[in-house]
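*Asks:* Provided herewith is a single structure, encoded as structure tokens, for subsequent inquiry.
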Amino acid sequence: MIQALVSGILLGGVYGLFSVGFSLAFGVMRIVNFAHGEMVMLGMYTGFLVFTYLGLDPLLTVFVAPFLVGGIGVLAYLFIYRRYVGRTTLQQLLAAIALALILQSTAQLVFGPETQAVRSVFASQYLLLGPVFVSYAQVVAFAIAAVCVLAVEGVLRLTRWGQVVRAVADDAEAAEIVGQNAQWVNVTAFGLATGLAGLAGAVLVTYYPVNPHVGFVLMPIALIATVLGGLGSVGGAFIGGLICGVVEQLTSAYWTPALQDIPLYALLLLFLAFRPFGLFGRASAH
Amino acid sequence: MTHALEVAGVEKNFGGLEVLKGVSFHVEPGEILGLIGPNGAGKSTLFEIIGGSMKPVKGTIRFGTEDVTARPAHVRRRAGLCRTFQKIRLFDSLTVADNVRLAAGESPPAQGTVAAEVESVLRLLDLQRLGARLPADLTLAERKRVEIARAVVGTCRVLMLDESLSGLTSDEAAELIDAVRTLNRDRGISIVLVEHVMPVVMALAQRLIVLHFGRVIASGPPAAIVNDPVVVEAYLGKPGA
Amino acid sequence: MTATVPVSAPRAAPVFARSTLLLCAVLAAVAASVPFWANSYVTSIVVRALIFIMLGQAWNVIAGIGGQLSLGHGVFFGIGAYGTALLFNEAGITPWIGLWIAAAAAGLCAMLIGLATMRSRGVYFALGTVVISLGFEKIARYVVDLTGGDAGLAVNYRGTAPALMQFREPSAFLWIDLAVVVAYFLFTRWLLHSRFGLRLQAVRDDEHAAAASGVNVLGVKLSGLVVSAVMTAVAGALHVQFYLSIDPGTAFGLFQAIQIQLPALIGGLGTAGGPVIGGLVATLLTEGTNYGATLLGVRGGDVLVYGVVLLGVVLYAPRGILGLFRRRAGSGA
């Protein structure tokens, strides 16, 4: 039980990292980035490539992946999402789905459909903490994730840029009247959101195998974590991610791994029906 | 005699902001009541609550003899408690006639067929030649008339008009005022009107309710309200739009 | 924050409506004749196209006319397919009857899903359906005893047995499916002008105003979803009888749910002819891509093509092919 709890938290931290990105895109621009999972996937493949072709530890890509994937995110924003900012529409969801399909299938054509794993020297070492086995990879990934989320939260609260982002998230029209350049904020915010996804992918691949379709597996997690944590709450998305990780691992241990996400789906539906603003969201954040 | 509409003790807040702090008033059958007050006084919120799209924190709404506080918006409309919107909300992919026909189907008239009723209301609002048009092809004045047609068709005993005259030329406004008077006179519909165009409210309304910061601060015939110092201080200090 | 359809389907000028009708009649006649002059491979492709169109027509009812974006319509398809197959395999019920039972089950499921997700904003409905469809897929993979797990289910083959909806030649399926497509087309045309259709479109255009005009918004949405679900389940039943097998990925997978959306999106959301045209285009795309992929020796190319086409349609032709030809029916239409 403790084992499942601990692995859940460690995995959940990484889930939380990319969920923060998802939540940010939604909170600031009302964009539901269906392709967010694919961003994580790209981060994962970056790590995988560095490991396979350069023989380096994939963990080094934490400096590269966020910028690479963030860059792709910015492109996606400029060419696709920009026109949908402000209201989540059917067209935006469909465009996002289309992007996800394009990224997925391109990845499959380039990397092949097989699931591939990274075997870093780092990752295969295990620690024994009390009654629990954890791998270095899991711990390091969690540590990086937690630090980044704290950093993001700090940036949002303390920097000028962060304050502008929050102002826009609260009311884009008002922010524009006051004179903030909402477009510039949107671009950087989206870049950050996808960059976080890329980073999450880079640390995740140290112990989680990658395949082109992993995006569709991870995106629902981001979605659930965001709704649970509360729309508009970055810290909430992280907590949502932790909850997802824990519930998954507990379900996997006590019931079956095949159905590990079912309780999460049920939770999501319950929240959508009764508490759509999540645990920490503001009811007005609609 | 029962009031056509009775609003009692309605309170509403958003988060920490108190928008309506205990609003009570009534509408007599067949009267034209004006609801005025500065921006932010809570008039639109009040309409949303009376219409049934929003729940008040406290208070009751009685429509005729029935307590409709718990009833959803569509049930209220079917019973005859009707409204228009400040920002026109027509069904853009339906023709003018279908916009009206839809509402007529939901709350059919007590006598006669739906088709005849639709025809009659379109005629009343001078829309009979525009039946097959789409809202996007109409002028602002025409769209406002369609919204009113949709609101009054079928069963309608109380009509709430939310700033129906804004953006109209004086000719268009005059036509609309005539139409409203006809609806009131010929169909016995009680009217509650929210309006910023002061001369119109003064001319049309038989009685005024003044809302300020979520409270009713005065109520009475236009002549009396204009001179009420409380009102003047709150609102009529500046001339209307 | 609603997932509204920002471009509404305009009322067609009568001349356009008649020309779509004519086009579809011609297409139907051509399709019916195919078994007489083409080989069974071509006939099979037409069957595939017809089922694709059928699914598009069904989804179009709730998403196009009703404006409610269901991203998990695969659920109803799967219930139709698995239901019909299981009723036959386990209980010997002929699919001619079994399909109605499965369709009813899909309808009931739609009611429950709708009650759970349609009371809140549009985007929550869409996201809720994604998650429900994922859940169904996982459960279908898990309950191996019932559904055959990952490998899926095969319908017990009896050769040509019309009473059991089994035919060795695809031509019979072509005529059955064509009849259903024509029926769905006529139904959609009727719906667009009917009282129920007006309500659906009003809810799509503006829920708030619809409620204020007396429309029972939740009731309308639920009814639309149920009708759409039943139509989808029938397609699922016809699919499983044609292929004689079904598996969780094909039934409930996210990819299937996305495919279901293509015909209406490509052809014209909210119109009667749209899913027909769009379904044809989408089938041609699929066949063409698969052919090209076999030539080049690559797999997975069809997903890429779907993605690009979908993106193109959404960004540049949001009203679909029919939307490109129609002006909004304005004055005097």
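Nothing in this text is a laboratory measurement; each read-out follows from the coordinates by a stated rule. Please read these numbers as outputs of a predicted model, since none were measured by experiment. Glycine gets a Cβ as well: all are built from the backbone with ideal geometry, and neighbour counts include every protein chain shown.
*Asks:* Only residues of region B:85-106 count here: report those whose backbone N is under 11 Å from the spot 7 Å along Cα→Cβ of residue B:136, or say none.
*Replies:* It comes to B:92-94, nothing else.
*Asks:* Need one word for region A:14-93: rounded, prolate or oblate. Basis is the Cα gyration tensor (sqrt eigenvalues a ≥ b ≥ c); a/c below 1.5 gives rounded, then a/b vs b/c decides.
*Replies:* prolate
*Asks:* Moving on. What does the charge dipole of region A:2-274 about its Cα centre add up to, to the nearest 20 debye, if the Cβ of each Lys and Arg holds +1 and the Cβ of each Asp and Glu holds -1?
*Replies:* The dipole of region A:2-274 has a size of about 240 debye.
*Asks:* Let me ask another. Would you grab the residues whose amide H sits under 5 Å from the one on residue B:34? Only those 5+ places off in sequence or on another chain, please, with H modelled 1.01 Å from N.
*Replies:* Amide H to amide H, under 5 Å and 5 or more residues apart or across chains, residue B:34 pairs with B:193, B:206, B:207, B:208, B:209.
*Asks:* Over the protein assembly as shown, consider all pairs of different Cα atoms and compute the Kirkwood hydrodynamic radius from their mean reciprocal separation; express it in Å, one decimal.
*Replies:* 29.4
*Asks:* Which whole-number percent is the relative contact order of chain C (Cα, under 8 Å, 6+ apart)?
*Replies:* Taking the mean separation of contacting Cα pairs over the length of chain C, I get 32 percent.
*Asks:* Could you tell me whether region A:183-286 comes out rounded, prolate or oblate from its Cα gyration tensor? Rule is a ≥ b ≥ c as square roots of the eigenvalues, rounded for a/c under 1.5, then prolate if a/b exceeds b/c, otherwise oblate.
*Replies:* oblate
*Asks:* Please list, ordered by chain and number, the residues whose modelled amide H lies under 5 Å from the amide H of residue B:19; skip anything fewer than 5 residues away on the same chain.
*Replies:* Residues meeting the amide H criterion: B:12, B:13, B:14.
*Asks:* To continue, here is another question. How well do other chains shield peptide A:77-88, expressed as the mean number of their Cβ atoms within 10 Å of each residue Cβ?
*Replies:* Mean partner-chain Cβ count within 10 Å for A:77-88: 2.
*Asks:* Which whole-number percent gives the relative contact order of region A:2-274, counting Cα pairs below 8 Å spaced six or more residues apart?
*Replies:* 41
*Asks:* Still on this structure: Rank-order B:172-181, A:135-144 by packing density, defined as the average count of other C-beta atoms within 10 Å over each peptide's residues, highest first.
*Replies:* Going by the mean number of other Cβ atoms within 10 Å, highest first, we get A:135-144, B:172-181.
*Asks:* For residue B:166 and residue A:163, what does the FRET efficiency come to when R0 = 45 Å and r is the distance between their Cβ atoms, rounded to the nearest 0.05?
*Replies:* Given R0 = 45 Å and the Cβ-Cβ separation, E is 0.80.
*Asks:* Also, I was wondering about something else. Only four residue types carry charge here, +1 at the Cβ of Lys and Arg and -1 at the Cβ of Asp and Glu. Report the dipole size of region C:38-261 about the Cα centre in Debye, rounded to the nearest 20.
*Replies:* With Lys and Arg at +1 and Asp and Glu at -1, about 380 debye.
*Asks:* Right, another one. Chain C: percent of C-alpha pairs farther apart than 34 Å?
*Replies:* Taking all Cα-Cα pairs of chain C, the fraction more than 34 Å apart is 21 percent.
*Asks:* While we're here: May I ask you to list, by number, the DSSP H helices of chain A whose Cα span along the axis is at least 24 Å and whose average Kyte-Doolittle hydropathy reaches 1.6 or more?
*Replies:* A:2-29, A:90-111, A:136-158
*Asks:* If you don't mind, another one. Would you mind checking the pairs B:21/B:43; B:21/B:87; B:12/B:55; B:21/B:55; B:21/B:58 and listing those with alpha carbons more than 18 angstrom apart?
*Replies:* Violating the 18 Å Cα-Cα cut-off are B:21/B:87.
*Asks:* For an R0 of 35 angstrom, estimate the FRET efficiency from the Cβ-Cβ distance between residue A:151 and residue A:273 and round to the nearest 0.05.
*Replies:* Once the sixth-power term is evaluated, E becomes 0.50.
*Asks:* Which whole-Hz ³J(HN,Hα) couplings does region C:71-76 yield from phi under the Karplus relation 6.51 cos²θ - 1.76 cosθ + 1.60, θ = phi - 60°, glycine and proline marked x?
*Replies:* Per-residue couplings from phi come out as 9, x, 5, x, 3, 6 Hz.
*Asks:* At a threshold of 8 angstrom on Cα-Cα distance, excluding pairs fewer than six apart, so keeping six or more, what relative contact order does chain B reach in percent?
*Replies:* This gives 27 percent for chain B.
*Asks:* Okay, moving on. Residue A:52 to residue A:1: extension gain in nm, 0.36 nm per residue of separation minus the Cα-Cα distance?
*Replies:* Gain in length upon complete extension: 14.8 nm.
*Asks:* So what's the angle, to the nearest 10 degrees on a 0 to 90 scale, between helix B:96-106 and the longest Cα principal axis of chain B?
*Replies:* 70
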